[in-house]
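Enquirer: Handing you this structure, nothing more for now.
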2 protein chains.
Amino acid sequence: MKPAEGRKRVVLEHIQPQVDCGRTPARRFLGDRVAVSAAIFADGHDHVSARLLCKHHSDPDWSSTPMTALPNDLWSAEFIVDRIGSWSFTIQAWVDHFDTWCADLKKRLAAQPDPASPDPEIRDLPPQDIPLALTIGATLFDRIAARASGDDATQLKTIAASLRALAGNKSALYQYPLTAQQEELAARYPDLSFASTTEQEMRLWVDRERARFSSWYELFPRSTSTDPARHGTFADVELLLPEIAAMGFDILYLPPIHPIGRAYRKGPNNSTAPNPDAVGSPWAIGSAEGGYQSIHPKLGSFAEFDHLIAAVHANGMELALDIAFQCSPDHPWVTQHPDWFLHRPDGTIQYAENPPKKYQDIYPLNFESPDWRGLWDELRSVFQFWIDRGVRVFRVDNPHTKPLDFWEWCLAELRRDTPDAIFLSEAFTRPHVMYGLAKRGFTQSYTYFTWRTEKSELQAYFEEITRPPISDFFTPNLWPNTPDILHATLQTGGRAAFQQRLILATTLAASYGIYGPAFELGEHVPLRPGSEEYLHSEKYEIRRWDRRDANSLAPLITLLNQIRRTNPALQSDLSLHFHPVDNSQIIAYSKSAPATDESPANFILVVVNLDPRYEQSGWVDLDLKQLGIRHNENFEVEDLLTGNHYLWHDRSNYVAIHPSATAHIFRIIHMRTE
Amino acid sequence: MKPAEGRKRVVLEHIQPQVDCGRTPARRFLGDRVAVSAAIFADGHDHVSARLLCKHHSDPDWSSTPMTALPNDLWSAEFIVDRIGSWSFTIQAWVDHFDTWCADLKKRLAAQPDPASPDPEIRDLPPQDIPLALTIGATLFDRIAARASGDDATQLKTIAASLRALAGNKSALYQYPLTAQQEELAARYPDLSFASTTEQEMRLWVDRERARFSSWYELFPRSTSTDPARHGTFADVELLLPEIAAMGFDILYLPPIHPIGRAYRKGPNNSTAPNPDAVGSPWAIGSAEGGYQSIHPKLGSFAEFDHLIAAVHANGMELALDIAFQCSPDHPWVTQHPDWFLHRPDGTIQYAENPPKKYQDIYPLNFESPDWRGLWDELRSVFQFWIDRGVRVFRVDNPHTKPLDFWEWCLAELRRDTPDAIFLSEAFTRPHVMYGLAKRGFTQSYTYFTWRTEKSELQAYFEEITRPPISDFFTPNLWPNTPDILHATLQTGGRAAFQQRLILATTLAASYGIYGPAFELGEHVPLRPGSEEYLHSEKYEIRRWDRRDANSLAPLITLLNQIRRTNPALQSDLSLHFHPVDNSQIIAYSKSAPATDESPANFILVVVNLDPRYEQSGWVDLDLKQLGIRHNENFEVEDLLTGNHYLWHDRSNYVAIHPSATAHIFRIIHMRTE
């Protein structure tokens, strides 16, 4: 069957950014310049023009930007996303007969025979029908004028008339008759009758700045009491806020704050036969005292929670809640909505199992329930409940055990009214599943960083996640430790290992977090050899921490957060670039940020000794272009960790790093004066 | 908005083969095994199953093939395309509760406490609720039985009953209760209630074998007369057919056979002021004697054309016609359909121009005509006219000067009734345009091969075009020369250059062609220095060729075509692999074909000296896996050009090639006996 309009001669292909054929909106951040590119071409030799159309979902009309031709039929244009939320863009491209005419006329004029030339070759050139070409141009301008109005139309008609006059007024040697302004005026009224557009509108989702650049601090509120005999409260947390803010964090993240189930409650060190006074795991949610929309009575009241949020904000931070959709057998839903759980032939409810392991303290939700619609609505309402209390940041526990279609719906529903909500996906699972969750709306994601310790695997993984296609939808958040994960490196590497993993986390990605105070106090003893669980894990018992410990890493954390705040290069992931070092124990990478109205261009080079035991040294082979440095140039590097300055030269430079120093974080200082 | 069914938990991504998000059917050849792959995963830990559904457009039902899980959530399956034409495939994937239950039961059984064990750890294992698991299994089998019928249903019900009996019959130590046959029976009746499918049906187009593997010979029929005073005819061509067939060609391609225009007729060497007896260019189509559906009277009648086709077929070949949509000013359409041409303000018709160059003997068609529908229909009918006379192969001149939408429609229309038609795109233009034409239905395409002469550029280009995504829609046809292109290499390189380009063309791709007899007779003089035009080009005058010349390359051509016919490795493009050689003047590459019922596995290694002047030597560093050879193995290579045998060993082997020999085409002979 023929198309409705067979005269659309322009083809549009390879439109970027585009995730999974446009199924998933590409993700950008507030203020980003979005570079759109496409292959655009037509049959034959006629010129093509193209423009990018974009709009925020609240805009009534498209904004238009001319696209620029690059080599090999590629075209590009940029637009700035100046509001958060949903954006669309499309491309319009057409055969531009006006532009073709201008170019051809210039070629004809350059080849016209000149009777006055002393060169017989130029005198005898074949005629170029220039009056005819001028007449054709006049007709084109008539049509352009018909698409314009007001002054523009008048001007365009005048040009048409002058071209006609010129054509009638036989000349020996014609000059090009249009000014750049006249060409530009005509180009403003293209003939779009046969313009092609992308088959679908492409979508973008734009998040606020904190989705790109954030520093998370996780603590257990119940461990914050200054009185060892007393369960910590929101009020106790408030007392710590100035200290946490002073360390430079901007998101305070609390494990679930809901009532904890009694049935099959776990005791210290995951014991299944605890004392009656065991506090239980905050992730076993729900009891007679309530569920996802209730607060554990020992933490405080709703009024105290509201007060905490206000205090967090007053300290320049935001509060993140943990939403973990898995019920204790005591959760009210178990009796209110029995059909949200799987029932076994013996009448019992199916608890979580990974045979032969049993987790009888947890009932998973059955997403194949006939009442899946009711279940979805209720889960969404849990987020909405806390959003309505002022929470904007959520760490979502095990999202990969709930259907991806559910998340796509739920997060889109929530974002419609709350586009500034941030959702961190706590999915430690296979790559496709982790990426699938990001595509369905999670703002940030936990990563494999924790288990990437060798130089080659760090480089391969970070090159994967900081470049398209992955970076178009996935934003990493790096955690050197979590309450669940004490990596072997930290168990055995001593203070140098803690420093190393912290420096990597704070500089490899723009978002990171630590589970504190276990991290800054160097907690490193596992439940048993070979385990990644903490001994006396805070998941199962209240801990007391001596935040005044002289060995605390808090000063280093404070310095690193300060460096991150003052160096825009460290506030986004996309410029990450690895530089070769002739020592497999030393990793070097740079990040950069272009100059803006507020700040000059910023170049950071990080060099880390991955060996926590011995000094390592080697030659860094800099990719100078990444650092804004020219071949054979002298430049200065300032180590932001020590304040030391070094004079470096050209690409090859020597480093030697003792484990006690762990790393250099160099700011590049260009010495040239132009 | 919630989806219609929220319980479809499986996600399908990255489906291959897929061209441009499914917009373009992926291309395969008759008999190909089509490997389909996808990322398939669900939330949580339940097992997933998947099947590939495929059908030829004429099949009423889908055929189903189970998919196999690979690492990292990738799945694959294959199907054989045993008919030409349009195929569809899709994937169905679901959470497989039966498979999950089997796997979990095995784990439970492996972990059950054994009261008879001497090992207290095994005696005291926690109970595994096996009777409950068996009861759950019985319920599953009941449901599976309800989806089956006949004997299968009866058997499945019996299994359900036996599981129930086993559950009731308390045992100290349970055994796994199912046989592999029983598991397989159950798997035949999956629960597809919540199965996911691909968002669209994926399409394939399957061409016949000659679309993949073909050897073209182009000649000008008017130059085939044995009497220098007489214009050659179809009957003269017939006399040459045994010779051309004996050289091993399977497609005889003729430049346009239509009446040639008189207006602005070009004379010898593209002269614009020829003698009145000039024969003109066959590409200036149309005169008072007719146009695209007429035959040049001096070539013969329709009856003689029909006779020629029959004779071509009798010689085991096919005839290819050249369809060049560009009219001479004398073409009947110019008066019959003036609105298919662009008219200028002075009333004249716009001839072809590339300012300042003019081609007044050619009127391009105006695809922006208001009667574009009539024009499209007429162009299609030109192909149909010759198809109806038995032609199945078309070489299409300059398709890139007609809209891509036109080709998509036209070729699809023609293929609906004539799926065995082959269309060769003669587009020497930018990559996106060439690939765009292939995506819109051209079977084969001319390439940049003619201008790729250095080792590095040959390797880069052929790696691009013989691998996905390009190879999923683009099939190269390599031409060392054409009537338009006498490359500098042939002008200056002597016989060695001709041999080299011929060997490259016949072995780098499965389809190639030569413009003969200019090629085999070593025609190498350009119109002027720096030109790629032939002096005394056959495009503008009748030439006489001495096919009996002792220096003719016909024996080498014959040998190469024989090698191609007897070595399946050379009959497809996809296995091409380059092997490093420590000399930039020597290029080495291999191709292979797997064993089939008809022939053993076939491995060919080609080593070409790219220097037509001097002997070159070097060490070939073989990628042994590509040749089916093991590390440190001895093997024999037989040079199919000379019959010489050499004993080679392991990966590093020495070659020295004189320009007179030009190349080795080695067949690998494995010496191991297992």
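The values are calculated or read from the model by the stated rules, or taken from the named source; none is laboratory data. Every value quoted in this text rests on a predicted model; they were computed, and no experiment measured them. Cβ: placed from backbone, ideal geometry, glycine included. Neighbour counts: every protein chain shown. Side chains included, ligands, DNA and RNA excluded: accessible areas come from the protein's heavy atoms. Shrake-Rupley method; radii C 1.70, N 1.55, O 1.52, S 1.80 Å.
Enquirer: Given the criterion surrounded by 17 or more Cβ atoms within 10 Å (Cβ to Cβ), out of contact with any Leu (no Cβ under 6 Å at 6 or more places or on another chain), at pLDDT 95 or above and polar (S, T, N, Q), identify the matching residue among B:SER63, B:SER49, B:SER58.
Expert: Values: B:SER63 fails: surrounded by 17 or more Cβ atoms within 10 Å (Cβ to Cβ); B:SER58 fails: surrounded by 17 or more Cβ atoms within 10 Å (Cβ to Cβ).
Going through B:SER63, B:SER49, B:SER58 in turn, just one is surrounded by 17 or more Cβ atoms within 10 Å (Cβ to Cβ), out of contact with any Leu (no Cβ under 6 Å at 6 or more places or on another chain), at pLDDT 95 or above and polar (S, T, N, Q): B:SER49.
Enquirer: Quickly run through the range B:1-21 and pick out the residues that are more than 8 Å from every other protein chain (Cβ to nearest Cβ), surrounded by 14 or more Cβ atoms within 10 Å (Cβ to Cβ) and aliphatic (A, V, I, L, M).
Expert: Pass one, the range B:1-21, residues more than 8 Å from every other protein chain (Cβ to nearest Cβ): B:4-5, B:10, B:12, B:14-19.
Filter again for surrounded by 14 or more Cβ atoms within 10 Å (Cβ to Cβ), leaving B:10, B:12, B:15-19.
Result: B:VAL10, B:LEU12, B:ILE15, B:VAL19.
Enquirer: Right, something else. Where residues in the range B:22-35 are within 13 Å of chain A (Cβ to nearest Cβ) and outside any strand (DSSP E or B), which of them is surrounded by the most Cβ atoms within 10 Å (Cβ to Cβ)?
Expert: Of all residues in the range B:22-35, those within 13 Å of chain A (Cβ to nearest Cβ) come to B:22-24.
From the residues that got through so far, the ones that are outside any strand (DSSP E or B) too are B:22-23.
Values: B:GLY22: 17, B:ARG23: 13.
If we take residues in the range B:22-35 being within 13 Å of chain A (Cβ to nearest Cβ) and outside any strand (DSSP E or B), then B:GLY22 is surrounded by the most Cβ atoms within 10 Å (Cβ to Cβ).
Enquirer: Among the residues of the range A:66-85, write down those that are within 14 Å of another protein chain (Cβ to nearest Cβ) and either crowded, with 21+ Cβ neighbours inside 10 Å or not in a strand (DSSP E or B) (or both). Please lay out each step first, then the result.
Expert: Restricting attention to the range A:66-85, the residues satisfying the condition of being within 14 Å of another protein chain (Cβ to nearest Cβ) are A:69-75.
Within the range A:66-85, A:LEU70, A:PRO71, A:ASN72, A:ASP73, A:TRP75 qualify.
Enquirer: Next up: Report yes if some residue within the range B:459-480 is in contact with a strand residue (DSSP E or B) (Cβ under 6 Å, 6 or more places away or on another chain), among the charged types (D, E, K, R) and closer than 17 Å to B:ASN398 by Cα; otherwise report no.
Expert: The answer is no, given that none of the residues of the range B:459-480 is in contact with a strand residue (DSSP E or B) (Cβ under 6 Å, 6 or more places away or on another chain), among the charged types (D, E, K, R) and closer than 17 Å to B:ASN398 by Cα.
Enquirer: Here is a further query. Please list, ordered by first then second residue, the pairs with beta carbon atoms under 9 Å, 6 or more apart or interchain, first in the range A:501-513 and charged (D, E, K, R), second surrounded by fewer than 24 Cβ atoms within 10 Å (Cβ to Cβ).
Expert: Going by the 9 Å Cβ cut-off, the qualifying pairs are A:ARG501/A:PHE449; A:ARG501/A:THR450; A:ARG501/A:THR453; A:ARG501/A:HIS487; A:ARG501/A:THR489; A:ARG501/A:GLY493.
Enquirer: Tell me which strands (runs of 3 or more DSSP E) are completely within the range B:282-390 and hold 1 or more residues being in contact with a helix residue (DSSP H, G or I) (Cβ under 8 Å, 6 or more places away or on another chain), surrounded by 20 or more Cβ atoms within 10 Å (Cβ to Cβ) and more than 11 Å from every other protein chain (Cβ to nearest Cβ), or say none if there are none. Walk me through it before giving the result.
Expert: Working: elements: B:318-323, B:352-354, B:357-359.
Correct list: B:318-323.
Enquirer: May I ask you to list the residues in the range B:398-417 that are open to solvent by 10 Å² or more (accessible area, probe 1.4 Å) and more than 10 Å from chain A (Cβ to nearest Cβ)?
Expert: Across the range B:398-417, the qualifying residues are B:ARG415, B:ARG416, B:ASP417.
Enquirer: Among the hydrophobic types (A, V, I, L, M, F, W, C), within 14 Å of chain B (Cβ to nearest Cβ) and open to solvent by less than 10 Å² (accessible area, probe 1.4 Å), is that true of A:LEU424? Quick ask: steps written out before the conclusion?
Expert: On the way: among the hydrophobic types (A, V, I, L, M, F, W, C): yes; within 14 Å of chain B (Cβ to nearest Cβ): no; open to solvent by less than 10 Å² (accessible area, probe 1.4 Å): yes.
Against the criterion (among the hydrophobic types (A, V, I, L, M, F, W, C), within 14 Å of chain B (Cβ to nearest Cβ) and open to solvent by less than 10 Å² (accessible area, probe 1.4 Å)), A:LEU424 does not qualify.
Enquirer: Scanning the range A:131-164 for residues that are charged (D, E, K, R) and touching a residue at least 24 places away in the same chain (Cβ under 8 Å), which turns out most open to solvent (accessible area, probe 1.4 Å)?
Expert: Restricting attention to the range A:131-164, the residues satisfying the condition of being charged (D, E, K, R) are A:142-143, A:147, A:151-152, A:157, A:164.
Adding the requirement that they be touching a residue at least 24 places away in the same chain (Cβ under 8 Å) leaves A:143, A:147, A:152, A:164.
Values: A:ARG143: 142, A:ARG147: 94, A:ASP152: 32, A:ARG164: 100 Å².
Checked the range A:131-164; the qualifying residue most open to solvent (accessible area, probe 1.4 Å) is A:ARG143.
Enquirer: Continuing with the same structure: Take the residues in the range B:36-51 that are in contact with a Pro (Cβ under 8 Å, 6 or more places away or on another chain) and not in a loop (DSSP other than H, G, I, E, B), then tell me which one is farthest from the other protein chains (Cβ to nearest Cβ).
Expert: B:ARG51
Enquirer: Output the qualifying pairs, or none if there are none: Cβ atoms under 7 angstrom, residues six or more apart or on different chains, first residue in the range B:101-113 and open to solvent by 20 Å² or more (accessible area, probe 1.4 Å), second residue modelled with pLDDT of 95 or more and outside any helix (DSSP H, G or I).
Expert: Here the result reads B:ALA103/B:HIS47; B:LYS106/B:TYR176; B:LEU109/B:TYR176, each pair linking the range B:101-113 to a residue that is modelled with pLDDT of 95 or more and outside any helix (DSSP H, G or I).
Enquirer: Shifting gears a bit: Among the residues that make up the range B:495-516, is at least one of them buried (at least 18 other Cβ atoms within 10 Å of the Cβ), of a type outside the set (Phe, Trp, Tyr) and at pLDDT below 95? It would help to see each step written out before you state the result.
Expert: Quick first cut of the range B:495-516, residues buried (at least 18 other Cβ atoms within 10 Å of the Cβ) only: B:496-516.
Among the residues that remain, those that are also of a type outside the set (Phe, Trp, Tyr) are: B:496-497, B:499-511, B:513-514, B:516.
Filter once more, so that each one left must be at pLDDT below 95: B:516.
Yes: one or more hits.
Residue-wise test of (1) under 18 Å from B:ARG28 (Cα atoms); (2) surrounded by 18 or more Cβ atoms within 10 Å (Cβ to Cβ).
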residue	(1), (2)
B:SER445	yes, yes
B:GLU464	yes, no
B:ASP472	yes, yes
B:THR482	no, yes
B:ALA488	no, no
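Enquirer: So, of the residues in the range A:456-489 that are part of a helix (DSSP H, G or I) and among the hydroxyl-bearing types (Ser, Thr, Tyr), which turns out to be farthest from A:PRO268 (Cα to Cα)? Break it down stepwise before answering.
Expert: Taking the range A:456-489 and keeping what is part of a helix (DSSP H, G or I), we get A:456-465, A:470-472, A:488-489.
Imposing the further condition that a residue be among the hydroxyl-bearing types (Ser, Thr, Tyr) reduces the set to A:456, A:461, A:471, A:489.
On the way: A:SER456: 38, A:TYR461: 36, A:SER471: 40, A:THR489: 24 Å.
Here the residue is A:SER471.
Enquirer: Is it the case that B:ASP277 is at pLDDT below 95 and of a type outside the set (Val, Ile, Thr)?
Expert: Numbers: at pLDDT below 95: yes; of a type outside the set (Val, Ile, Thr): yes.
So B:ASP277 passes the test.
Enquirer: Another question about this same structure. Restricting to helices (runs of 4 or more DSSP H) lying wholly in the range A:86-181: which have 3 or more residues that are away from chain B (no Cβ under 14 Å)? Give the steps one after another, and end with the answer.
Expert: Working: elements: A:97-110, A:120-123, A:130-147, A:150-168.
Where helices (runs of 4 or more DSSP H) fall fully within the range A:86-181 and carry at least 3 residues being away from chain B (no Cβ under 14 Å), they are A:130-147, A:150-168.
Enquirer: Among the residues of the range A:610-642, which ones are open to solvent by 30 Å² or more (accessible area, probe 1.4 Å) and under 28 Å from A:THR489 (Cα atoms)? Show your work before the answer.
Expert: Step one: filter the range A:610-642 for residues open to solvent by 30 Å² or more (accessible area, probe 1.4 Å), giving A:612-617, A:619, A:621, A:623, A:625-626, A:630-632, A:634, A:636, A:638, A:640-642.
If the condition is that a residue be open to solvent by 30 Å² or more (accessible area, probe 1.4 Å) and under 28 Å from A:THR489 (Cα atoms), then A:PRO612, A:ARG613, A:TYR614, A:GLU615, A:GLN616, A:SER617, A:TRP619, A:ASP621, A:LEU640, A:LEU641, A:THR642 are the ones that fit.
Enquirer: Can you tell me which residue is most open to solvent (accessible area, probe 1.4 Å) among those in the range A:586-601 that are within 23 Å of A:GLN500 (Cα to Cα) and out of contact with any Lys or Arg (no Cβ under 7 Å at 6 or more places or on another chain)? Walk me through how you get there before you give the answer.
Expert: We begin by selecting, within the range A:586-601, every residue within 23 Å of A:GLN500 (Cα to Cα); these are A:586-592.
Going one step further and asking which of them are out of contact with any Lys or Arg (no Cβ under 7 Å at 6 or more places or on another chain), we end up with A:586, A:588-592.
Values: A:ILE586: 0, A:ALA588: 1, A:TYR589: 1, A:SER590: 2, A:LYS591: 4, A:SER592: 36 Å².
The residue in question is A:SER592.
Enquirer: Any residue in the range A:360-389 that is without any contact (Cβ under 8 Å) to a residue 24 or more places away in the chain sitting within a Cβ distance under 7 Å of a residue that is open to solvent by less than 30 Å² (accessible area, probe 1.4 Å)? List the pairs, counting only those 6 or more apart or interchain.
Expert: A:TRP372/B:GLY6; A:ARG373/B:GLY6
Enquirer: Let me ask something additional. Would the range A:184-191 turn up any residue that is within 14 Å of another protein chain (Cβ to nearest Cβ) and either outside any helix (DSSP H, G or I) or open to solvent by less than 70 Å² (accessible area, probe 1.4 Å) (or both)?
Expert: Our first condition is that a residue be within 14 Å of another protein chain (Cβ to nearest Cβ); within the range A:184-191, this holds for A:191.
Narrowing further to those that are either outside any helix (DSSP H, G or I) or open to solvent by less than 70 Å² (accessible area, probe 1.4 Å) (or both): A:191.
Scanning the range A:184-191 turns up at least one residue that is within 14 Å of another protein chain (Cβ to nearest Cβ) and either outside any helix (DSSP H, G or I) or open to solvent by less than 70 Å² (accessible area, probe 1.4 Å) (or both).
Enquirer: Can you tell me which of (1) crowded, with 22+ Cβ neighbours inside 10 Å; (2) part of a loop (DSSP other than H, G, I, E, B); (3) in contact (Cβ under 8 Å) with a residue 60 or more places away in the chain; (4) on the phi < 0 side of the Ramachandran plot is the one B:HIS258 doesn't meet?
Expert: That leaves (3) as the condition not met.
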